[in-house]
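The values are calculated or read from the model by the stated rules, or taken from the named source; none is laboratory data. Please read all numbers here as calculations on a predicted model, not as lab measurements. Note that each Cβ is placed from the backbone with ideal geometry, even for glycine, and that neighbours are counted across all protein chains shown. What goes into the accessible areas is simple: the full protein's heavy atoms, side chains included, and nothing from ligands, DNA or RNA. Shrake-Rupley method; radii C 1.70, N 1.55, O 1.52, S 1.80 Å.
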Amino acid sequence: MPFDYEMEEIKVSPDYNWFRSSVPLKRIIVDDDDSKVWSLYDAGPKSIRCPIIFLPPVSGTAEVFFQQVLALTGWGYRVISLQYPVYWDLLEFCDGFRKLLDHLQLDKVHLFGASLGGFLAQKFAECTHKSPRVHSLILCNSFSDTSIFNQTWTANSFWLMPAFMLKKIVLGNFAKGPVDPKMADAIDFMVDRLESLNQSELASRLTLNCQNSYVEPHKIKDVAVTIIDVFDQSALSNEAKEEMYKLYPNARRAHLKTGGNFPYLCRSAEVNLYIQIHLRQFHGTRYAAINPAMVSAEELEVQKASLNQGNNSEEEV
């Protein structure tokens, strides 16, 4: 490694500690099976009925979006970051997530999904298309067809594998070789989050990630979509990215030159800006995720950030 960096830099950072001490973790059961517990952070004005909800990747927990929670609530948004109970198939997940939204008394929501989280967000939008619950999608390093992982034949055996073997499978997708210090910190933090997951949590997520399924775009054609992806090394192939662009020809595209698998951790300023740009189209409607009193201050900040961003990233509309 060409860089020296402190282990667990994020875990001991003032921002992370402020997040952990100021935003309570809630645990909610909505299924008959009381072992299925949703864990979530719900921050920002509760008067907002159409918040943005963050769905993590296979290795992630609700904490991985702490930088988005802090930044966006600071600008008046209501933000929910969650982690899933153990669900073994997509319909079961969709049913559980719908019950969670009912429990939280949320009619429609905006979803930000990273990797598996993005796939689940698309499947949930598809699943509820007759009575829509998803107003918009932000898909970060995500995919639309599980066959890209060439694991559909093993999907049914993850439940048998010991935790160390499952962790090895997930770690195989993490960046190898030299990365900049911020990306190294992000990988460290995600390894730590991965360690916190038990065998059934990991096995069920890998099963959802790999069991044979694809998104049917005609069912979610009315949903506004932004696709965020990175140009450097990530677990997603270029073919998978191209497939997403084809699936959503009208999507806004936000490209980061670097950021690896976890840009929301190591390139949080750019990712937060793209989230704000995406959500701004709903300001002044009943689907706004922001406190109306905060809109003008927030828009000024977005304009300032857009000018200052330099050329590390670009957006196509």
- Item | For K99: the one exception among (1) over 15 Å from the mean Cα position of the chain (by Cα); (2) at pLDDT 95 or above; (3) part of a loop (DSSP other than H, G, I, E, B); (4) not aliphatic (A, V, I, L, M) | (3)
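Quick one: which residue in A293, A269, A289, A251 is under 19 Å from the mean Cα position of the chain (by Cα) and surrounded by fewer than 17 Cβ atoms within 10 Å (Cβ to Cβ)?
Values: A293 fails: under 19 Å from the mean Cα position of the chain (by Cα); A289 fails: surrounded by fewer than 17 Cβ atoms within 10 Å (Cβ to Cβ); A251 fails: surrounded by fewer than 17 Cβ atoms within 10 Å (Cβ to Cβ).
Within the list A293, A269, A289, A251, the selection yields A269.
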- Give me the pairs: first residue in the range 24-41 and within 17 Å of S200 (Cα to Cα) and among the polar types (S, T, N, Q), second residue outside any loop (DSSP other than H, G, I, E, B) and open to solvent by 80 Å² or more (accessible area, probe 1.4 Å), beta-carbon distance under 6 Å, and six or more apart or on different chains, which are they? S39/R27
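Can you find, within the range 51-68, the residue that is surrounded by the most Cβ atoms within 10 Å (Cβ to Cβ) among those that are of a type in the set (A, V, I, L, M) and without any contact (Cβ under 8 Å) to a residue 60 or more places away in the chain?
Within the range 51-68, the subset of a type in the set (A, V, I, L, M) is 52-53, 55, 58, 62, 64.
Cutting the leftovers down to without any contact (Cβ under 8 Å) to a residue 60 or more places away in the chain gives us 53, 62.
Details: I53: 28, A62: 23.
Applying the filter and picking the extreme gives I53.
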- Query: Can you spot a residue in the range 254-264 that is modelled with pLDDT under 95, open to solvent by 30 Å² or more (accessible area, probe 1.4 Å) and more than 16 Å from the chain's Cα centre (by Cα)?
  - Reply: yes
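Mind listing just one residue for me: the one in the range 143-171 that is small (G, A, S) and either open to solvent by 50 Å² or more (accessible area, probe 1.4 Å) or at pLDDT below 85 (or both) and, of those, nearest to Y248 (Cα to Cα)?
If we take residues in the range 143-171 being small (G, A, S) and either open to solvent by 50 Å² or more (accessible area, probe 1.4 Å) or at pLDDT below 85 (or both), then S147 is nearest to Y248 (Cα to Cα).
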- Task: State whether the residues of the range 302-317 include one that is part of a helix (DSSP H, G or I), at pLDDT 70 or above, surrounded by 12 or more Cβ atoms within 10 Å (Cβ to Cβ) and not aliphatic (A, V, I, L, M).
- Result: no
- Item | Pick from the range 12-23, criterion over 19 Å from the mean Cα position of the chain (by Cα) and open to solvent by less than 80 Å² (accessible area, probe 1.4 Å), ranking: farthest from D102 (Cα to Cα) | S13
- Filtered residues of the range 210-262 (kept if charged (D, E, K, R) and closer than 28 Å to A184 by Cβ): D229, D232, E239, K241, R253, K257
- Query: Of the conditions (1) open to solvent by less than 40 Å² (accessible area, probe 1.4 Å); (2) not in a helix (DSSP H, G or I), Q233 fails just one. Which one is it?
  - Reply: (1)
- Query: Is one or more of the residues making up the range 87-97 open to solvent by 10 Å² or more (accessible area, probe 1.4 Å), in contact with a strand residue (DSSP E or B) (Cβ under 9 Å, 6 or more places away or on another chain) and farther than 19 Å from R280 by Cβ?
  - Reply: no
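Please go through the range 176-223 and pick out each residue that is of a type in the set (G, A, S), open to solvent by 30 Å² or more (accessible area, probe 1.4 Å) and either touching a residue at least 60 places away in the same chain (Cβ under 8 Å) or touching a Cys at 6+ places or on another chain (Cβ under 6 Å) (or both).
Taking the range 176-223 as the starting set, the residues that turn out to be of a type in the set (G, A, S) are 177, 184, 186, 196, 200, 203-204, 213.
Subsequent filtering for residues that are open to solvent by 30 Å² or more (accessible area, probe 1.4 Å) retains 177, 196, 200.
Across the range 176-223, the qualifying residues are S196, S200.
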- Message: Can you pull out every residue in the range 105-133 that is open to solvent by 10 Å² or more (accessible area, probe 1.4 Å) and either modelled with pLDDT under 95 or not in a helix (DSSP H, G or I) (or both)?
- Response: Q105, D107, K108, S115, T128, H129, K130, S131, P132, R133
- What's the number of the condition L194 fails, among (1) within 19 Å of K123 (Cβ to Cβ); (2) part of a helix (DSSP H, G or I); (3) at pLDDT 90 or above? (1)
